[in-house]
1. For segment 8-97, what does the accessible surface come to per residue with a 1.4 Å probe? Please give it in Å².
2. With just the Cα atoms defining each centre, how far is segment 75-94 from segment 9-58? Give it in Å.
3. Using a 10 Å cut-off on Cβ atoms, rank the peptides 61-68, 13-20 from the highest mean neighbour count down.
Amino acid sequence: VGSTPQDPRFRVALWGSDSYQYTEVLTLVTWAVVTPVSNLWFSWSYVTYDEDAPWYDPAGYYLNRAFIQLSDDSGPAYQKGSVSGLNLSSGDVFGFYVTAADDCCGRAGITISGVPEPGTLALLAPGLPIVALLRRLAHSQ
């Protein structure tokens with residue numbers, strides 16, 4: 001997540017589950033926005049090794065309880081793109097996710113390039129318990 005395409009500071013790689021539990025598992029990492037960000041830009045690349053195609057392993061970004069899918073369910077195993085023009089306010093929660101809809105048959109990952117310094121986005125500690133809670137809820141259904 002960087003302010004311009006020419007400003008890739010570092011990248012985030014996030015991988016979904018493939019534990020053969022045959023239930024939906026969400027992998028989510030979030031940050032709390034501490035300083036407003038205008039015209040946020042990032043590039044992304046996606047890969048799935050799921051034998052059933054990208055349909056079972058969607059990936060994208062998260063903003064204030066909304067999941068915005070970047071991967072194309074009907075697309076190839078390797079995909080890439082970029083997002084620009086996002087405006088984040090102080091207090092927003094922003095992040096990235098990979099969902100393993102069937103939690104089997106090969107995992108998927110998304111790599112985000114252009115992530116800003118931690119001073120702009122503070123890692124939200126509750127983000128990790130959210131993953132655990134969502135996994136627990138998925139297993140209880």
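1. Solvent-accessible surface per residue comes out at 53 Å².
2. Spelled out, the Cα-based centre of one part sits 10 Å from the other.
3. My ranking of the peptides, most packed first, is 13-20, 61-68.
The values are calculated or read from the model by the stated rules, or taken from the named source; none is laboratory data. Only a predicted model underlies this, so the values are computations on that prediction, with no experimental measurement involved. Positions of Cβ are backbone-derived with ideal geometry, glycine not excepted, and every protein chain shown enters the neighbour counts. These accessible areas exclude ligands, DNA and RNA; they are computed on the full protein's heavy atoms, side chains included. Shrake-Rupley method; radii C 1.70, N 1.55, O 1.52, S 1.80 Å.
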